[in-house]
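Enquirer: The structure under discussion is supplied below as structure tokens; questions concerning it will follow.
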Amino acid sequence: MRELKGIEEKILDRALYLFGKNGTTNVPIRTIVREAGVNVSAINYYFGSKDRMLKYVKEFYLENISQAYAALYNDNLSDEEKVIECTNEIIEYSLRYPGVLIMNKEAMSSKEKDDIDIKIIENLKDKSNKLDGILKKVINSNDDDFIYKKMIFISSITYPTANEELVFENNIINNKEKRIKYIIKLIKMLKEK
């Protein structure tokens, strides 16, 4: 991806945010530019078209989601620390960009997948497999049991971020210290037989 200027990044940032809030990538350009605080002509100037802007949003997403999973590849951390740090980053990223689930969903369901949709799908599979392997070791779970525990784990991460206004204690998910404590308690519960 080419180097982004401040306005370009702001447009991509707000587009990804709005995709999540609206549940689709089909968000009007005027809504995106209003959220980004720029003029409509900025889309054409920086991206050429809405379709090209969407391509850049997908690349922006890929770049950022890879950073969220980086802890899984850090050999200086224990497996449990990898899961805790990665999970924290995923939650934090999902709060900032609620569109991440939409990007995954639309890439998977697209009938005419472009090269970036394929990268998103491959990236998601790769990162999920890596997280699964480490999580399975951390919670010491057999294959049959792991499927259910993984569902609980993933749901416990995605539900609070996708339904932020419905969460009972919103300050837990928005506060890093409390969020880490939440993740540690979640792992502890999953370790129990």
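Derivation of every value follows stated rules applied to the coordinates shown; laboratory data play no part. All values derive from a computational prediction rather than experimental measurement. Cβ placement follows ideal geometry from the backbone for every residue including glycine, while neighbour counts extend to all protein chains displayed.
Enquirer: Tell me the label only: which of (1) -0.25, -0.40; (2) -0.22, -0.35; (3) -0.29, -0.45 is log10 I(q)/I(0) by the Debye sum over Cα atoms at q = 0.08, 0.10 Å⁻¹ as calculated from this structure?
Expert: (3)
Enquirer: Quote to one decimal, in nm, the extra length available between Tyr148 and Met189 on full extension: 0.36 nm per residue of separation minus the C-alpha distance between them.
Expert: 13.5 nm
Enquirer: Right, another one. Could you give the length gained by full extension between Lys10 and Lys176, i.e. 0.36 nm per residue of separation minus their alpha carbon distance, to one decimal place?
Expert: Extending this stretch completely gives an extra 57.4 nm.
Enquirer: Here is a further query. If packing is taken as the mean number of other Cβ atoms within 10 Å per residue, what is the order of 172-183, 138-149, highest first?
Expert: 172-183, 138-149
Enquirer: Counting only the backbone N, which residues of segment 40-68 are under 19 Å from the spot 7 Å out from the Cα of Ile29 toward its beta-carbon?
Expert: Output list for this probe position: 40-58.
Enquirer: List the residue ranges in the chain for DSSP H helices whose C-alpha atoms run 15 angstrom or more along the long axis and whose Kyte-Doolittle average is -1.0 or above.
Expert: 6-22, 50-68, 79-96, 115-139, 143-162, 176-191
Enquirer: Same structure, new question: For segment 1-69, list log₁₀ I(q)/I(0) at each q in 0.22 Å⁻¹, using the Debye formula over Cα point scatterers of equal strength and ignoring solvent, two decimals each.
Expert: -0.92
Enquirer: Take the residue pairs Lys130/Lys176; Lys58/Lys119; Lys21/Lys105; Lys149/Lys185; Lys58/Lys150 and return only those whose Cα atoms are more than 21 Å apart.
Expert: Lys130/Lys176; Lys58/Lys150
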